[in-house]
Amino acid sequence: MNNKQTVGISNLIRSEAQRVFKRRRTWAVIAVYLIFVLLECLFLTMMNTSFYDPDHSVPLNSLNTAPFLLRELAILMNFVVIPMLAADSFNGDVFSGALRLALIRPVSRVKMFLVKWAVLGAAVGAMTLFTWAAGTVFGRIFMPAAAETTLMGAGTVGGLGAIGYGLGFYGLAFCIFLALIGVGGIVSRLAPNPVLAYIGMLAVIVGGIYVSDGLAFLLSVSDSIFHFLGHTGGSDASLGWILCALLAGCAIMGTWSWSRREWMQ
């Protein structure tokens with residue numbers, strides 16, 4: 001019998017979640033993000049205007065606020081929240097020796113990589129869902145009331161249509177965040193310590209635009225999603241398949257690189 005089968009996925013997930021949420025830095029990052037959600041809501045209240053992109057502004061109302069709340073928050077997510085969490089989880093555990101203690105049990109390193117990706121994805125997904133809910137509720141209470149609104153790519157919609165658009169918008173944003181976590185797993189495998197892993201992730205985000213315009217969504221999440229949903233063409237028209245390819249590539253490269261630890265160490 002293969003002893004590796006004695007360690008269930010649910011136990012691995014529970015163990016990884018305990019390591020992630022026992023770190024003070026994890027809660028500090030989450031607290032900072034929640035504070036910025038509140039500050040961004042206050043900013044939108046004062047401005048009553050946001051942007052699809054630098055060339056197209058739009059007045060905000062009770063129905064269209066949620067997608068625009070993520071505009072600046074996505075930058076915080078990509079440059080601070082995800083890189084710090086990924087560097088701590090994928091690289092910090094290795095650097096500190098915590099992963100070695102976890103692997104005293106007969107656990108596949110491939111499973112460990114996938115579990116780390118899943119736990120961080122759940123944490124980031126919860127923050128993304130909270131942002132959508134906060135934007136939706138905040139818009140209904142504090143922004144100018146509207147029975148219908150016009151959204152790029154959706155035309156004129158009512159309340160239910162606006163909610164559906166917002167969920168689709170945030171769903172795409174979450175897929176981008178999930179891909180970035182996968183990138184963090186690969187970068188952290190190559191970096192010797194968490195600080196360099198964090199810097200390496202920032203280099204990937206900024207450097208992606210120089211590799212291909214199709215990777216601009218790593219830097220300007222909201223702009224790319226608005227253009228994709230609006231069918232405006234250009235490099236953002238390929239967002240869907242590039243994102244799928246990036247997720248698949250991260251899964252393949254990540255599991256391959258982490259599996260090599262089993263026989264290289």
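The values are calculated or read from the model by the stated rules, or taken from the named source; none is laboratory data. Predicted, not measured: the structure shown is a model, and the values here were computed from it. With ideal geometry, Cβ positions are generated from the backbone for all residues, glycine too; neighbour counts draw on all protein chains shown. Heavy atoms of the whole protein, side chains included, go into the accessibility calculation; ligands, DNA and RNA do not. Shrake-Rupley method; radii C 1.70, N 1.55, O 1.52, S 1.80 Å.
Remark: accessible surface ordering of V37, V206, V195 (largest first) is V195, V206, V37, probe radius 1.4 Å.
The heavy atoms of I252 present about 110 square angstrom of accessible area, all protein chains included, probe 1.4 Å.
With a ≥ b ≥ c the root eigenvalues of the C-alpha gyration tensor of the chain, is it rounded (a/c under 1.5), prolate (a/b larger than b/c) or oblate? Can you show the working numbers first?
On the way: a/c = 2.24, a/b = 1.87, b/c = 1.20.
Cα axes put the chain in the prolate bin.
Span-like helix check, the chain: qualifying full DSSP H segments, with Cα axial length of 27 Å or more and mean Kyte-Doolittle of -0.5 or more, are 24-47, 109-142, 159-190, 239-259.
Show log10 I(q)/I(0) for segment 22-179 at q = 0.11, 0.12, 0.17 Å⁻¹, two decimals, from a solvent-free Debye sum over equal Cα scatterers. So the normalised log intensities are -0.51, -0.59, -0.96. Dividing the mean sequence gap of close Cα pairs (under 8 Å, 6+ apart) by how many residues segment 124-256 holds gives a relative contact order of 24 percent.
Name the shape class, rounded, prolate or oblate, that the alpha-carbon gyration tensor gives for segment 135-174, where a ≥ b ≥ c are the square roots of its eigenvalues, rounded holds for a/c under 1.5, and otherwise prolate holds if a/b is larger than b/c and oblate otherwise.
On the way: a/c = 2.37, a/b = 1.23, b/c = 1.92.
Note, shape of segment 135-174 comes out oblate.
The simple Förster model, with R0 at 30 Å and r as the Cβ-Cβ distance, assigns I13 and F130 a FRET efficiency of 0.90. Average accessible surface for the chain: 47 Å² per residue, computed with a 1.4 Å probe over protein heavy atoms with every protein chain in place. Of all the options A118, A87, A66, the one that moves most in a Gaussian network model of the chain with Cα springs shorter than 10 angstrom is A118.
List the relative contact order of the chain as a percent without decimals, with contacts defined as Cα pairs under 8 Å and 6+ residues apart. Write out the running numbers ahead of the final one.
Working: 318 pairs, mean separation 67.2, N = 265.
For the chain, the relative contact order is 25 percent.
Based on Cα contacts under 8 Å between residues 6+ apart, segment 115-197 shows a relative contact order of 33 percent. Estimated at the nearest 10 Å², the accessible area of V211 is 120 Å² with a 1.4 Å probe. Once the gyration tensor of the Cα atoms in segment 169-256 is diagonalised, the equivalent ellipsoid follows with semi-axes of 24, 13, 11 Å, ordered largest first. Accessible area per residue was computed with a 1.4 Å probe on protein heavy atoms; F43 scores about 90 Å². Among T156, T65, T131, the largest mean-square fluctuation in a Gaussian network model of the chain, built with springs joining Cα atoms closer than 10 Å, belongs to T156. Computed over protein heavy atoms with a 1.4 Å probe, the carbon and sulfur contribution to the accessible area of the chain reaches 69%.
Share of pairwise Cα-Cα distances greater than 13 Å in segment 167-210 is 57 percent (whole percent). Rounded to the nearest 20 debye, the dipole size of the chain about its Cα centre is 1560 debye, using +1 on the Cβ of Lys and Arg and -1 on the Cβ of Asp and Glu.
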